[in-house]
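S.K.: Here's a structure for you.
The values are calculated or read from the model by the stated rules, or taken from the named source; none is laboratory data. This is a predicted model, so every value here is computed, not measured. Neighbour counts are summed over all protein chains in view; Cβ atoms, including those assigned to glycine, are modelled from backbone coordinates with ideal geometry. Accessible surface areas use protein heavy atoms only, side chains included; no ligands, DNA or RNA. Shrake-Rupley method; radii C 1.70, N 1.55, O 1.52, S 1.80 Å.
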Amino acid sequence: MKLWGGRFQQETDGRMDDFHSSIHFDCRLYREDIEGSIAHATMLGECRIIAQNEAQVICQGLKEILAEIEAGKVEFDPGAEDIHMNIEKLLTERIGPVGGKLHTGRSRNDQVALDLRLYLKRQIRVIQGQILTLQEALVERAEANFDLIMPGYTHLQRAQPILFAHHMLAYFEMFQRDYERLSDCFRRTDVLPLGAGALAGTTFPIRRERVAELLGFSAIAQNSLDAVSDRDFAIDFLAAASLIMVHLSRLGEEIVLWSSQEFGFVELSDSFSTGSSIMPQKKNPDVAELVRGKTGRVMGDLVGLLTVLKGIPLAYNKDLQEDKESIFDAADTLQGCLGIFAPMLSTMKVRGQVTKNAAGGFALATDLADFLAKRGLPFRQAHEVIGKLVYYCIQEQKELEELTGEELANFSPLFDEEALNLLSPEASVGLRDHTGGTAPNQVVRQLERAKGLIAKARQDLDR
Ligand code: ARG
């Protein structure tokens with residue numbers, strides 16, 4: 001018999017049960033569902049909507065069910081549709097008809113919205129912790145390789161020398177914004193929908209503020225229709241998750257390139273790479289590749305849920321049941337990726353001599369143009385002069401560093417020995433000495449800032 005069976009004359013077709021049941025995936029919400037129910041029953045008792053001893057019996061029963069689920073002793077019943085009805089059924093089997101009072105003044109529509117919000121609040125905090133761990137790994141890599149110079153790229157062509165630390169800290173900044181986006185998302189998720197009932201509220205004298213207090217929500221939803229039909233908090237989460245994946249994917253792509261023999265900038269630890277079943281020489285950057293690949297899944301989860309929402313009228317519609325698998329998949333995938341990325345990065349060796357060799361040569365051309373401009377030549381003309389100089393070097397098969405003072409003087413009378421002193425990757429990075437630049441003392445400032453932000457976030461998370 002269904003919990004909603006009163007109005008029905010015929011049994012549900014087995015195919016119908018199979019089709020619309022969600023217990024095989026929403027069973028993951030058992031903890032949130034029980035916590036929500038305990039808070040609801042407690043409030044019902046306190047408000048004398050049900051007797052206080054009834055509320056106690058209900059809460060006790062729910063706690064026992066939670067313990068049994070956690071001990072692996074419960075098998076959910078697919079005939080009972082979803083996690084909400086499974087738990088109510090288990091409760092009534094355990095404590096008798098009084099279990100049927102739990103659903104007073106509540107609907108599965110506000111209940112499922114509550115469960116999801118509780119679930120996401122937890123996931124967000126876990127993911128924020130993982131972002132901090134990744135940021136710590138980036139900062140550690142930056143510090144451990146502080147003197148290391150590499151070419152920066154535009155269009156994947158060598159552009160100008162930068163500190164490797166500067167490159168790592170660029171990712172620190174991206175993940176910092178991701179962290180903050182999740183904080184925003186948490187704030188919007190932290191709103192209690194319970195009390196909305198099916199859609200219009202309830203005729204019982206409930207105290208929503210009390211439920212919010214019991215469950216640790218900072219606010220309560222102000223419109224019952226919105227409370228049961230909105231999933232934008234979940235879309236916020238999926239959008240934030242997608243962007244984190246995009247950032248991981250970009251770094252992953254760089255690591256794939258850097259670990260190729262063509263670049264040879266880094267070597268991944270054996271512990272975080274794989275071999276080939278046929279080619280004995282291979283060492284593949286699977287972590288970085290898989291993360292890059294899984295980014296598509298998470299973006300798909302976002303687009304999937306946006307699409308579910310776009311056409312449904314207020315308030316609850318069963319379409320909304322399709323929200324959960326996207327959310328679970330994105331949360332799982334993201335946590336898996338963040339969890340593996342930090343140790344892969346921490347154990348990655350950077351080949352400083354290779355990166356430095358790649359950072360000289362024509363990557364210093366801008367510095368020579370800047371030199372002439374500082375001597376008064378309009379930059380556009382300086383650019384033209386150095387362009388010709390580069391062409392000359394290509395013809396003569398020379399690097400810029402190999403030019404003599406005489407050769408330079410042939411291109412501009414403004415050149416002197418000082419120009420020759422400029423021609424090193426170290427000099428080049430040292431000159432970019434302003435906030436945001438790659439000069440070592442500026443990168444030290446970035447590092448200090450990064451450590452401060454991490455420490456503050458750790459404190460906030462632990463609270
Ligand atoms: N399993 C449902 C879901 O995930 C719970 C809410 C069902 N509400 C309803 N009126 N059928 O959305």
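S.K.: Quick test of your reading of the structure: Tyr316 fulfils all but one of (1) among the hydroxyl-bearing types (Ser, Thr, Tyr); (2) part of a helix (DSSP H, G or I); (3) within 16 Å of the ligand (Cβ to nearest atom). Name the failing condition by number.
M.R.: (2)
S.K.: In the stretch 284-297, which residues are buried (at least 16 other Cβ atoms within 10 Å of the Cβ) and more than 15 Å from Arg250 (Cβ to Cβ)?
M.R.: Asp286, Arg297
S.K.: Of (1) within 16 Å of the ligand (Cβ to nearest atom); (2) surrounded by fewer than 23 Cβ atoms within 10 Å (Cβ to Cβ), Gln157 satisfies all except one. Which?
M.R.: Answer for Gln157: the failing condition is (1).
S.K.: Are there any pairs with C-beta distances below 7 angstrom linking a residue in the stretch 16-41 that is within 24 Å of Asp332 (Cα to Cα) and away from the ligand (no atom under 14 Å from the Cβ) to a residue that is part of a helix (DSSP H, G or I) and open to solvent by 10 Å² or more (accessible area, probe 1.4 Å), with the two at least 6 apart or on different chains, and if so which?
M.R.: From the stretch 16-41, the pairs are Arg31/Leu66; Ile34/Leu66; Glu35/Leu118; Glu35/Leu215.
S.K.: Residues that are open to solvent by less than 50 Å² (accessible area, probe 1.4 Å) and farther than 30 Å from Ala41 by Cβ: does the stretch 215-233 have at least one?
M.R.: So far as the stretch 215-233 goes, no, none of its residues is open to solvent by less than 50 Å² (accessible area, probe 1.4 Å) and farther than 30 Å from Ala41 by Cβ.
S.K.: Considering only the stretch 191-247, how many residues are within 14 Å of Gln111 (Cβ to Cβ), in contact with a strand residue (DSSP E or B) (Cβ under 6 Å, 6 or more places away or on another chain) and outside any helix (DSSP H, G or I)?
M.R.: The qualifying residues number 2.
S.K.: Going residue by residue through the stretch 87-98, is there one that turns out to be touching an Asp or Glu at 6+ places or on another chain (Cβ under 6 Å) and crowded, with 18+ Cβ neighbours inside 10 Å?
M.R.: Of all residues in the stretch 87-98, those touching an Asp or Glu at 6+ places or on another chain (Cβ under 6 Å) come to 87, 98.
Right, trim to crowded, with 18+ Cβ neighbours inside 10 Å and you get 87.
Within the stretch 87-98, one or more residues are touching an Asp or Glu at 6+ places or on another chain (Cβ under 6 Å) and crowded, with 18+ Cβ neighbours inside 10 Å.
S.K.: What do you reckon, is Leu305 in a helix (DSSP H, G or I), open to solvent by less than 50 Å² (accessible area, probe 1.4 Å), in contact with an Asp or Glu (Cβ under 7 Å, 6 or more places away or on another chain) and within 16 Å of the ligand (Cβ to nearest atom)?
M.R.: The answer is yes for Leu305.
S.K.: Follow-up. Inspect all residues belonging to the stretch 99-106 and state whether any of them is of a type in the set (A, V, I, L, M, F, W, C), touching a His at 6+ places or on another chain (Cβ under 8 Å) and either within 16 Å of the ligand (Cβ to nearest atom) or part of a loop (DSSP other than H, G, I, E, B) (or both).
M.R.: yes
S.K.: Write out, first by first residue and then by second, each pair whose Cβ atoms fall under 6 Å of each other, whose residues are 6+ apart or on separate chains, and whose first residue, in the stretch 137-156, is in a strand (DSSP E or B) while the second is among the β-branched types (Val, Ile, Thr).
M.R.: Met150/Thr355; Gly152/Ile162
S.K.: Output the residues belonging to the stretch 159-189 that are part of a helix (DSSP H, G or I) and β-branched (Val, Ile, Thr). Walk me through it before giving the result.
M.R.: First, pick out the residues of the stretch 159-189 that are part of a helix (DSSP H, G or I): 164-189.
The one that is part of a helix (DSSP H, G or I) and β-branched (Val, Ile, Thr): Thr189.
S.K.: Does the stretch 5-12 include one or more residues that are in contact (Cβ under 8 Å) with a residue 12 or more places away in the chain and in a helix (DSSP H, G or I)?
M.R.: no
S.K.: Could you tell me whether the stretch 201-212 includes any residue that is within 16 Å of the ligand (Cβ to nearest atom) and open to solvent by less than 10 Å² (accessible area, probe 1.4 Å)?
M.R.: Within the stretch 201-212, none of the residues are within 16 Å of the ligand (Cβ to nearest atom) and open to solvent by less than 10 Å² (accessible area, probe 1.4 Å).
S.K.: Give the residues of the stretch 49-78 that are buried (at least 17 other Cβ atoms within 10 Å of the Cβ) and either hydrophobic (A, V, I, L, M, F, W, C) or within 16 Å of the ligand (Cβ to nearest atom) (or both), sorted by residue number.
M.R.: Selection gives Ile49, Ile50, Ala55, Val57, Ile58, Cys59, Leu62, Ile65, Leu66, Ile69, Val74, Phe76.
S.K.: If we keep just the residues of the stretch 319-353 that are within 14 Å of the ligand (Cβ to nearest atom) and without any contact (Cβ under 8 Å) to a residue 40 or more places away in the chain, which is surrounded by the fewest Cβ atoms within 10 Å (Cβ to Cβ)? If you could, list the steps in order and put the result at the bottom.
M.R.: First, the residues of the stretch 319-353 that are within 14 Å of the ligand (Cβ to nearest atom): 319-328.
Of the ones still in play, those that are also without any contact (Cβ under 8 Å) to a residue 40 or more places away in the chain are 319, 322.
Numbers: Asp319: 12, Glu322: 16.
Among them, the one singled out is Asp319.
S.K.: If you don't mind, there's one more thing I want to ask. Can you spot a residue in the stretch 114-124 that is open to solvent by less than 10 Å² (accessible area, probe 1.4 Å) and not in a helix (DSSP H, G or I)?
M.R.: No, every residue in the stretch 114-124 fails to be open to solvent by less than 10 Å² (accessible area, probe 1.4 Å) and not in a helix (DSSP H, G or I).
S.K.: Hey, which of the helices (runs of 4 or more DSSP H) in the stretch 354-454, taking only ones fully inside, have at least 1 residues that are surrounded by 15 or more Cβ atoms within 10 Å (Cβ to Cβ) and modelled with pLDDT of 95 or more?
M.R.: Counting at least 1 such residues, we get 365-374, 379-396, 405-411, 425-430.
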